[in-house]
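A.B. asks: Sharing a structure here in structure tokens format.
The values are calculated or read from the model by the stated rules, or taken from the named source; none is laboratory data. It should be emphasised that the depicted structure is a prediction, and the values quoted were computed from it without experimental measurement. Methodologically, a virtual Cβ is constructed for each residue, glycine included, from the backbone with ideal geometry; neighbour enumeration extends over all protein chains shown.
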Amino acid sequence: MATAQHNLTQTTDYDAKLERKQSLPSYTNSNANANGTSAATSATTSATASWQSCYYCTREHFKTIADFVNHLRSRHCTREGGSFVCRYGFNGVCASLPLDGVSDRDYDAHVSKYHVNQLTRESPPEWGVYSSAQNLPAVLNDPQRGKQSNLFTKKWGEQFVERSQIPQSSRLPDITHADFTVYLGSIGKRYRWHERRQQQQQQLEQDQQLTATTPTQQQQQHNLADVPVPEIFLKSQLQLHHAATFAKVFPNYMQSSESSSCTVELQQRGRHLQEQLSHYLDIVEVRIAQQVAQKSAAFFHAMTTQHAILAEMQLAAEQVHQLRASLAQLHGSAVVDSFRVMRYAQRRQHCYATLDKLRLMATVHKTQPMLQLLLGTQDYVAALDLISTTQEILAAELLGVHCFKHLPMQLGEMEKLIDKMLTTEFERYAATDLNRPLTDAELETDSVCAEEDKLVAIVMGLLRKQNFSFVQSYQQEAIATIRAIIKQLLIELLERGDRELCLTGAGEQSLDLTLNEWLTMLQRASHALHGILERIRAVVSIMQQTADAAAGGSSPQHAVNLIDSEAFLSATHHEQLSGQLQQLLQAVCHYCHERCANIVSPQSLERCAASEEELLQLSQLVRDFSVATQNICGAVSVPLELALKVQASRYAQRFHAERKQKLALLLDQERWRQVDIPHAFQRIIERMADGDFEKQPISTIDSHNLANVNGIGNPVLLVEGKQPFALVSVALLLIQMLYEYGASAQRLPLLATYHARNVIDLLRCFNSRSCQLIIGAGAMRVAGLKTITSTNLALVSRALQLVLYLLPRLRAHFESMSGYEAIERDYQGHIKEIEHKIHGIVSERIVAQLEAWDARPPIPSQTFRHISRHLVKLHEAIAGVLPETQIHEIYGVVHSNFKDKLREQLLKLNIYNNGGPQHGVVTSELTFYMETLRTLKALPAAQLDNGILEHIWLY
């Protein structure tokens, strides 16, 4: 084997040397060819301007230089601060302006000089792995060190800009050397075995090389291996027609010169280049010989096994020949007969298909007689299904049959006729069913409509045609029936009298009818409309059940005999139809409410003044009818309720106007004197305190009647059995009015809101008018009072306090009173103002007396006697009216004003607490003053001591 390898190596060296000798003329020719190719390429490049296309954007082509310049500025240029950096080049670096930025004008000059007017066009180098701006290992080892995109880092280093530290991820575990212990223990033995085998293989190869070559050859090979071959000769594509490649292979070879010395030098340079290329060729041959020597064993093994492979190929060819013969025999004996049987079976199937087609044609021919039969039995769904099925058969299976070319058109006309027939039959049925006479017996059991099977058949046919307009038709017919019923009732009502009246088209409007006639009319109308609504609900219920059956639903509760057929109504259409039926019921009930509302509308009852009993009767009618319609349609109708509220509002306004006017008259006639309280008013207060407004109020009593009942009742009104209230007659009448408001709201809750608002208005009127009459002294002019006394003020204050006591009870009874807090503040303020008025009157008189006082005998002086007289008169005026606590408050203010004014007078008279004669006079006067207060018990016991003798000297 070693000898064979040695001979092969010698043969290869000899062939290489022979080829090298023969390659000298060819090298010259190839050089000439390369020059010609380069010239042709330059001519082609110069023919196409460099600005017409972009080197790196292959799909971009430009018609003008301005377009090319704009493209370079937008796609191949970056702006750093105020300078522009050209990126038109390989890897985004311009060869003429690689790094530094220039101004806008210089950038335009650079583009015009180096890119627009470029004479030669070098194709861009092909991209390879080594063309990357940054290799992958560098990015993986240091992710923070990215491509320099900042001007400062490019010029002054990466340390100039602060870098954000990437924290260690909490999701990555801490890997140590101990984690690889198990792996190293399992792989170590195999790794050591692999190292030993690799060393043995290397030693064997070295021994073979030493035996195969002589030391001289080894030295030559070693020297050849040390010389590197330029990388340009190792490329897969050596393109000498490119000027740059040609210049690298033949440096300075294309320079032309006419001197003889340059020519000789050029020749020498060419010989040197040829020797260098020959040397490179020898290096490549030696390396090829080494590779062949290493693979010689595999080559000889392939040569030795070639004969065995040829023998196996011959055996395989014989087996293929035998297999083909067997297949031909099998085709003749088994396949041909089987295919003939299959062809006969297919022919039989074709005959059966033809027979079925003829039978189908006979069935289609009987379609029209069958349609007439189904329509005669009112089986509209089956007729429509038959038409649809026949049309599908004609379009799919009998397409092109000449005898049926007019049948699809006839079936379409028949379908339109059935649709029109269904619409007409439904309208006729609706009119007949709704216009049936109403009797009392039918009003009780009018829940099953007439000719139910006919209605089901018609509705099923309309649903099969997806014609949902019958719902609107039935709604219009129902509305027309309701209008006719109300018109007929009004005509019957007018026939009983001798009135001549022109009715409108709707038949609701009329004049000169009493309120009882209107109530009778409303009662009969609501009774009749309730019956017709029950009839409509029964029909709608059957329609809904029919729609459920058409959609595939079934319920044992349905009492409708439905036609057996497959579900043909989709879920969307079923939901839409159910919504329309529900809207039909709601619309009809709403229309009934509108017609009844016109009966009780203000225009119809504008000449009638309803009493509370009549309004209660009207409210009961409206409530019963509203409940009935709500049970039918499941929704609340508003018009009739609004009409009732309008009548209630008118009654509440009239009720309030009467009492407000009466209260104003009583206030103007009031003499503001205390009256006895009848027992009936005591019972009213007790009921109002307990929230009991159910009993009828007492008969109306005016101020004259109250004057006549003096001595019959109690002198004061007892609240909660212990709080006495001395009142005037107008206060008692106000209490009666408040009780009437509450009782009316109790009997008719509809009036509660209006009465609550009117009660606030009535109380506000009483407060403002009493303030004008007493505080403003209007009673002197209106009622003829000579003066406004403290008793009058106390009585008004007590009346206001009684109203404040009743306000929370009224609020709880009416449940909500808007303005309650405001009226409560007004009454409290009015009470405070009356108190200020009372103690202001006494304080003014005491101040007038103290201004003329002087500390001299006699004791007590005339001044203090007058002061005591004023205090006694005030006590006599308010003691029987106001409670003790309020009297103490009033006298407390008077006492405080007395002390302040006395201090001022003592300072004015230069009287001090020195034990002198004047000090003794002051002490005696104050002792007399305090004795008067003790006698009257005008102050609390704690304030009736002689502490004033010391406090008066404290400034």
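A.B. asks: Test of understanding: among VAL893, VAL881, VAL872, which residue is outside any helix (DSSP H, G or I), within 28 Å of PRO724 (Cβ to Cβ) and among the aliphatic types (A, V, I, L, M)?
C.D. replies: After applying the criteria, what remains is VAL881.
A.B. asks: Restricting region 858-872 to residues that are farther than 16 Å from SER924 by Cα and touching a residue at least 12 places away in the same chain (Cβ under 8 Å), which is surrounded by the fewest Cβ atoms within 10 Å (Cβ to Cβ)?
C.D. replies: VAL872
A.B. asks: Residue check, VAL139 against (1) modelled with pLDDT of 85 or more; (2) surrounded by 12 or more Cβ atoms within 10 Å (Cβ to Cβ); (3) among the hydrophobic types (A, V, I, L, M, F, W, C), all met but one. Which one?
C.D. replies: Result: VAL139 fails condition (1) only.
A.B. asks: Quick check on this structure: which one of VAL847, VAL894 is farther than 20 Å from PRO940 by Cβ and surrounded by 14 or more Cβ atoms within 10 Å (Cβ to Cβ)?
C.D. replies: VAL847
A.B. asks: Going through GLN255, GLN202 one at a time, which residue ends up being modelled with pLDDT under 70 and not small (Gly, Ala, Ser)?
C.D. replies: Result: GLN255 is the single residue among GLN255, GLN202 that is modelled with pLDDT under 70 and not small (Gly, Ala, Ser).
A.B. asks: Kindly indicate whether any position in region 894-917 is in contact with a helix residue (DSSP H, G or I) (Cβ under 8 Å, 6 or more places away or on another chain), of a type in the set (Val, Ile, Thr) and within 28 Å of SER797 (Cβ to Cβ).
C.D. replies: yes
A.B. asks: Any residue that is touching a residue at least 40 places away in the same chain (Cβ under 8 Å) and of a type in the set (Ser, Thr, Tyr) - is there at least one of those in region 361-372?
C.D. replies: yes
A.B. asks: Based on this model, can you work out whether TYR429 counts as among the aromatic types (Phe, Trp, Tyr), over 24 Å from ARG464 (Cα atoms) and assigned to a helix (DSSP H, G or I)?
C.D. replies: Here the answer is no, as TYR429 does not meet what is asked.
A.B. asks: For residues that are closer than 16 Å to GLN378 by Cβ and under 48 Å from the mean Cα position of the chain (by Cα), scanning just region 410-420, find the one that is surrounded by the fewest Cβ atoms within 10 Å (Cβ to Cβ).
C.D. replies: The qualifying residue surrounded by the fewest Cβ atoms within 10 Å (Cβ to Cβ) is LYS420.
A.B. asks: Further question: Taking the condition in a helix (DSSP H, G or I), more than 30 Å from VAL459 (Cβ to Cβ), touching an Asp or Glu at 6+ places or on another chain (Cβ under 9 Å) and modelled with pLDDT under 85, does LEU373 pass? Full working, then the answer.
C.D. replies: Details: in a helix (DSSP H, G or I): yes; more than 30 Å from VAL459 (Cβ to Cβ): no; touching an Asp or Glu at 6+ places or on another chain (Cβ under 9 Å): yes; modelled with pLDDT under 85: yes.
So LEU373 does not fit the description; no.
A.B. asks: Next question, about the same structure. Looking at (1) at pLDDT below 80; (2) over 18 Å from MET737 (Cα atoms), which is the only condition ILE775 fails?
C.D. replies: (1)
A.B. asks: Oh, and also: If you take the residues in region 683-694 that are farther than 12 Å from GLU720 by Cβ and modelled with pLDDT of 80 or more, which one is surrounded by the fewest Cβ atoms within 10 Å (Cβ to Cβ)? Outline the logic, then answer.
C.D. replies: First, pick out the residues of region 683-694 that are farther than 12 Å from GLU720 by Cβ: 683-684, 687, 691-694.
Now narrow it down to the ones that are modelled with pLDDT of 80 or more: 683-684, 687.
Working: ARG683: 14, ILE684: 24, ARG687: 18.
The residue in question is ARG683.
A.B. asks: Something else about it: Could you list all residues from region 676-695 that are of a type in the set (Gly, Ala, Ser) and not in a helix (DSSP H, G or I)? Write out each step before concluding.
C.D. replies: Step one: list which residues in region 676-695 are of a type in the set (Gly, Ala, Ser), which gives 680, 689, 691.
If the condition is that a residue be of a type in the set (Gly, Ala, Ser) and not in a helix (DSSP H, G or I), then GLY691 is the only one that fits.
A.B. asks: In region 756-783, what count of residues is obtained for those that are among the small types (Gly, Ala, Ser) and more than 18 Å from VAL675 (Cβ to Cβ)?
C.D. replies: Matching residues across region 756-783 total 5.
A.B. asks: Now, a different point. Does GLN239 satisfy being touching a residue at least 60 places away in the same chain (Cβ under 8 Å) and surrounded by 12 or more Cβ atoms within 10 Å (Cβ to Cβ)? Spell out how you get there, then give the answer.
C.D. replies: Values: touching a residue at least 60 places away in the same chain (Cβ under 8 Å): no; surrounded by 12 or more Cβ atoms within 10 Å (Cβ to Cβ): yes.
No, not satisfied.
A.B. asks: Moving to a separate point now. Checking the conditions here, which among LEU751, LEU785, LEU734 is surrounded by 24 or more Cβ atoms within 10 Å (Cβ to Cβ) and at pLDDT below 85?
C.D. replies: Exactly one residue qualifies, and that residue is LEU751.
A.B. asks: For region 586-603, check the following and say yes or no: at least one residue is surrounded by fewer than 14 Cβ atoms within 10 Å (Cβ to Cβ), at pLDDT below 80 and not aromatic (Phe, Trp, Tyr). Don't jump to the end; show me each part of the working.
C.D. replies: So in region 586-603, the residues surrounded by fewer than 14 Cβ atoms within 10 Å (Cβ to Cβ) come out as 602-603.
Now narrow it down to the ones that are at pLDDT below 80: 602-603.
So of that shortlist, the ones also not aromatic (Phe, Trp, Tyr) come out as 602-603.
Yes, region 586-603 has at least one match.
A.B. asks: Would region 822-837 turn up any residue that is assigned to a helix (DSSP H, G or I), among the polar types (S, T, N, Q), outside the structural domain of GLU686 (by TED's automatic domain parsing) and surrounded by fewer than 14 Cβ atoms within 10 Å (Cβ to Cβ)?
C.D. replies: The answer is yes; a qualifying residue exists.
Here's the yes/no breakdown for (1) closer than 30 Å to VAL249 by Cβ; (2) in contact (Cβ under 8 Å) with a residue 60 or more places away in the chain:
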| residue | (1), (2) |
| --- | --- |
| GLU275 | yes, no |
| ASP282 | yes, yes |
| THR305 | no, no |
| VAL320 | no, no |
| ALA325 | no, no |
| MET342 | no, no |
| ALA353 | no, no |
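A.B. asks: Determine, yes or no, whether ALA293 is under 30 Å from LEU204 (Cβ atoms) and surrounded by 10 or more Cβ atoms within 10 Å (Cβ to Cβ).
C.D. replies: yes
A.B. asks: Give, as residue ranges, the helices (runs of 4 or more DSSP H) completely inside region 732-816 that count at least 1 residues that are closer than 18 Å to TYR651 by Cα and in contact (Cβ under 8 Å) with a residue 40 or more places away in the chain.
C.D. replies: Details: elements: 752-770, 779-782, 790-814.
Fully inside region 732-816 and qualifying: 752-770, 790-814.
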